[in-house]
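One structure is given below, encoded as structure tokens.
Since every read-out is calculated from the coordinates, none of them should be taken as a lab result. Only a predicted model underlies this, so the values are computations on that prediction, with no experimental measurement involved. Cβ placement follows ideal geometry from the backbone for every residue including glycine, while neighbour counts extend to all protein chains displayed.
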Amino acid sequence: MYKTIIIIILAFLISCQNTENKEPESVTPERGRQHQGRHRRGFRGNNPDRVTLKIEYRGDTIFVPSGSPVSKKLELLTIKSQDYNAQFVTTGVVKPLSGHLAHVTTPFDGRVVKSFVRLGEKVRAGTPLFEVNSTDYLETVRTCIQARQQMELAEKNFLRKKELLESGVTSRKDYDEAKMEFELAEKECEKTKSILEIYNLNPQDADMAKPLIVRSPIAGEIVQTDIIVGQYIKSDAEPIVTVADLEKIWVIARVKEKDLGTINLKDRAEVITESFPDKPIKGIVNYIGNIMDEQTRSVEVYLECDNQERILKPGMFVTIRFYRELDNAIVIPSSALLQDEESSYIFMRIAPDLYLKKSIYAETIGERTVIVRSGLNEGDNIISEGAIYLR
């Protein structure tokens, strides 16, 4: 046991002696640099040559180091005002011009006895369309003729009383009575004449021996006819003849709210049909609606178009391409424009490697183009490509 204790003591003394004889390790500059390198590799990875350049955000200002990967993806554009031909595309429908379409039926109940027109025929205003035998019409004519005869008789009596009064043969009372009778008869005659004129009938042609002739109220073309000789029709029946003047025609475009600011009266447009896509038809903006459709968020814009070749037909769906010449416009690519919940904005270069997030008001005028209404001036330098990397 004593031997074991002596061995442990000797081992302890030898260990202490080795510690005292060992010289401390000196730290040279080279070893210090190696230590610092190991410290940096903790942040940079295993490649000591790689340097990470971070983008710094300070409110609306962004610092992008010129050596960073993001900086290499940015393309700049210097703003210059220019004359620009703006255009956008929408859809629409073809309709006749106001007053250029007439649906015709008989003004009195009766039986059709004759037809004067055929489908596709061109007619003038007043051209006979069809003939109707109508007792209601004959009764109206009889009343008109009687009123005219009574007026003529009352007029003769009035003129005779006037001559007698001037000769001193009759009294003022008889003269006044004759005058009043004439005025009443004249008003009654005018009333019966106006009834016929309402139905586009000439009171001078009213004759008990002649049937009712229904005439075209406008000049145009017979585009629909359902005349059947022998058919009995009522005055409130569906029209049996349609006359349309299609030399000029409406194209009603549905324009979205965002595009309204680019349209003015007299702006030009092109109308394209599926049947003749290679024959665009020119149109002029004639009217811009004042009511917004709540469901489609669009406004009706009326184009007046020449339709000599009859390419445009009422009810047809078409594509409309609007054009507008803008003077001194500021136009930027859509890739430069970003949006958030509050506004549209771009990134403007205000110093080397320094950019400012700036709100602007812009409108889309093409598939890849927007026009800036406010927020940018000529000479400003903005990011045209790669702005999305700074969001």
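Some observations on this one:
- Around the amide H of Tyr287, modelled in the peptide plane, lie the amide H atoms of Tyr302, all under 5 Å away and 5 or more residues distant in sequence or on another chain.
- Extension gain for Leu356 to Leu338 (0.36 nm times residue separation, less C-alpha to C-alpha distance): 5.2 nm.
- Against the chain, whose longest principal axis comes from its Cα atoms, helix 135-167 is set at around 60 degrees.
- Subtracting the Cα-Cα distance of Glu378 and Ile291 from their residue separation scaled by 0.36 nm leaves 27.7 nm.
- Ignoring lysines fewer than eight residues from Lys279 along the same chain, the ones with Cα atoms less than 29 angstrom from its Cα are Lys95, Lys122, Lys248, Lys256, Lys258, Lys266, Lys313.
- Among [x] 28.1, 86; [y] 46.8, 185; [z] 35.4, 111, the entry that matches Rg and Dmax of the Cα atoms in Å as calculated here: [y]
- Inter-probe distance in nm under a simple model that places probes 7 Å from Cα toward Cβ, at Leu119 and Thr91: 2.8 nm
- Here the relative contact order of the range 50-199, from alpha carbon pairs under 8 Å that lie six or more residues apart, stands at 15 percent.
- Here the spin labels are modelled as points 7 Å beyond Cα on the Cα-Cβ line, and at Glu75 and Glu238 they lie 6.0 nm apart.
- GluC sites (Glu not before Pro) within the range 317-364: DSSP coil, no more than 12 neighbouring Cβ in 10 Å: Glu341, Glu342
- Backbone geometry of the range 181-194 corresponds, through the Karplus equation with coefficients 6.51, -1.76 and 1.60 at θ = phi - 60°, to 3J(HN,Hα) couplings of 4, 5, 5, 5, 5, 5, 5, 5, 5, 5, 5, 5, 5, 5 Hz, x marking Gly and Pro.
- Principal-axis analysis of the Cα atoms of the chain puts helix 29-44 at an angle of about 30° to the longest axis.
- Ranked by how many other Cβ atoms sit within 10 Å of their own Cβ, fewest first, the residues Tyr84, Tyr57 fall in the order Tyr57, Tyr84.
- Taking amide hydrogens as placed 1.01 Å from N in the peptide plane, the amide H of Thr369 sits under 5 Å from those of Ser334, each at least 5 positions away in sequence or on another chain.
- R0 of 22 Å, Cβ-Cβ distance Met180-Glu152: FRET efficiency to nearest 0.05: 0.85
- Footprinting exposure proxy for Ser115, Ser374 (fewest neighbouring C-beta atoms within 10 Å first): Ser374, Ser115
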